[in-house]
C-alpha cells in the first residue's frame, strides 16, 4: 500500500502512544510461564504481539481477550510445563519473540519445539541466543548454524556466568528466562546497559533478581506469581510523534502516558541535546532496580536543532529510534553522527543501508559507515518516494519525513506500520486536522 504524506504546519493535539511492544511481549510470555492467571491491562493489539499470544496458546496457555478495554488474561502452564505443539511455532515477524522464547523452551525437559516465521524472520540470526543457552546445556539446531527455523530440545540446564560481547536486551532476556529453571544462580554481564523490562517484571513475579552496575544475577525459582501488568505507552512509537512535533514548524503536541524507563528514553535525551523541545519526567539512571515502570506525559514543540554525536554506549538505549536521529540530523545545523550501531544491520531490514538509501532519495546528505551513519544538516528535505522494505519503523519514518519536507513523500509499503503501531496514519491525520 502506497500512501503520500504532504508537507504541513502546526501539528497540534493530544494523543496516547500505543501500548509498549516490548512490555506486551514479556507480559504474555511470563503470563504463560506463571502458576496463576495474569491480567494484562493495555496489551498491544498488533501483528508482532499477536504472534506472541498465538505462540503461548500453542504451548498450552489459555488466552482470554476482553473486547473493548484492551485487557488480556493469560492462564499459563507453569514454568516447567509447556506443552509440545503438533507443529512449528510461527513467530511471524516478531524478532523479540524469536529470541526470548527459546530461553523458556530450553528448560522443558524431554520436549522439542521448532520456531519459524516469515521471510524476514528467516534472515534474522539466532546464534547469539544459541551460544549462552548451549553453555547452559541446551540443545539447539539452526539453519546454517544461525538462522531460523530453530529447533529447541528441552534439557536440564545449569547456571552460568556469561559476558555478553554486545549489549542486547533480547539476548539478556533469553538467558534470564532460561536461568529461572537452571541449577544455581546465573549472572549476565553487559558491556553497556540495555532495556530492563524483563528484570523488572521478574522482580514483580517474586524472582530473586539483583543488579550491580552492568551485572545482573537471577536465581532459579519454583514458580512465577505475577498478578497483573499495566502496559504504558511505547516510547519507541511515541518517538515518531516526538519527531513530528520537533520538525514541523508551529507544532505543539501532548503525548500522554508514555513509558519513561531510563533504559528506553535514550532517544528523548538525544533530542533534548539537539535542542529539541521535549518536556516530561524521564526516569533518572539509578543503581536500584525497581519493579515498576515509570510513566509521564510528554509536551513536545518545534525547535531549531543542532547536530550531535551519538556514542556507542548510548546505542542500546536508543537502538530502535536511531533512524529518527538520522532524520533529525537532516534538519539540524552541523553534522550528526551515530557510531557503534552495527546492531541496526540485524533488524527487520539492514537499517543502516535502508535509512541511508531512503533519506538520500529524499535529498539528504548522508553517508553510511560500517557501524552507523553521518548526516550533514541542510535545513530540511526535498521529498520524493521512500520504500519501507517491509520495515515498520522505516514506513513511519517516511511518513514523518513527508510532513516536514518541502514537496511531500510517498511511502511504498505503508502497511508495515501495523506491526507496532496499527493506528499510526489515523493518529497523524488527527494531529494535522
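We did not get these values from a lab; they are worked out from the coordinates using the rules stated. Remember, it's a predicted structure, so these values are computed and weren't measured experimentally. Note: ideal-geometry Cβ built from the backbone for every residue, glycine included; neighbour counts use all protein chains shown.
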> Of the peptides 112-119, 207-214, how do they stack up when ordered by the mean number of other Cβ atoms within 10 Å, highest first?
Replying inline: 112-119, 207-214
> Between the helical axis of 235-247 and the dominant principal axis of the chain, each derived from Cα atoms, what acute angle in degrees is found, rounded to the nearest 10?
Replying inline: 10 degrees
> What is the distance, in nm, between label points placed 7 Å from the Cα along the Cα-to-Cβ direction at residue 127 and at residue 228?
Replying inline: 4.6 nm
> Thinking of the chain as a set of Cα atoms, what percent of all their pairs are more than 42 Å apart?
Replying inline: 12 percent
>> As an exercise, use a Förster radius of 56 Å and the Cβ-Cβ distance of residue 250 and residue 80 to find the FRET efficiency, rounded to the nearest 0.05.
In response: 0.45
>> With every atom except the alpha carbons ignored, what do you get for Rg and Dmax of segment 243-320, in angstroms?
In response: 13.1, 40
>> Using 0.36 nm times the number of residues separating residue 279 and residue 6, minus their current alpha carbon distance, what extension gain do you get?
In response: 95.6 nm
> Which angle between 0 and 90 degrees, to the nearest 10, do you get for helix 21-33 versus the longest principal axis of the chain when only C-alpha atoms count?
Replying inline: 10 degrees
>> Just to confirm my numbers, what's the Cα centroid distance between segment 145-220 and segment 233-293 in Å?
In response: 27 Å
> Is segment 14-166 best put as rounded, prolate or oblate by its Cα gyration tensor, with a ≥ b ≥ c the root eigenvalues, rounded for a/c under 1.5, and otherwise prolate when a/b is larger than b/c, oblate when not?
Replying inline: prolate
> So if R0 is 22 Å, what FRET efficiency would residue 429 and residue 118 give, r being the distance between their Cβ atoms, rounded to the nearest 0.05?
Replying inline: 0.15
> Once you sort the root eigenvalues of the Cα gyration tensor of segment 29-93 as a ≥ b ≥ c, which label holds: rounded (a/c under 1.5), prolate (a/b larger than b/c) or oblate (the other case)?
Replying inline: oblate
> Classify segment 308-433: rounded, prolate or oblate, from the alpha-carbon gyration tensor (a ≥ b ≥ c, eigenvalue square roots; a/c under 1.5 rounded; otherwise prolate if a/b is larger than b/c)?
Replying inline: oblate
> Can you sort 330, 174, 432 so the residue with the fewest Cβ neighbours within 10 Å comes first?
Replying inline: 432, 330, 174
>> I'd like the FRET efficiency for residue 166 and residue 407, computed as 1/(1 + (r/R0)^6) with the beta carbon distance as r and R0 of 45 Å, rounded to 0.05.
In response: 0.70
>> Ignoring everything except DSSP H segments at least 4 long, calculate the 222 nm mean residue ellipticity for the chain; use -39,500 (n - 2.57) per segment, divide by total residues, nearest 500.
In response: -9000 deg cm²/dmol
> When ranked by the protection proxy of mean other Cβ atoms within 10 Å per residue, highest first, what sequence do the peptides 39-50, 268-279 form?
Replying inline: 39-50, 268-279
> With axes computed from alpha carbons, what is the tilt in degrees of helix 95-105 against the longest principal axis of the chain, rounded to the nearest 10 within 0 to 90?
Replying inline: 10 degrees
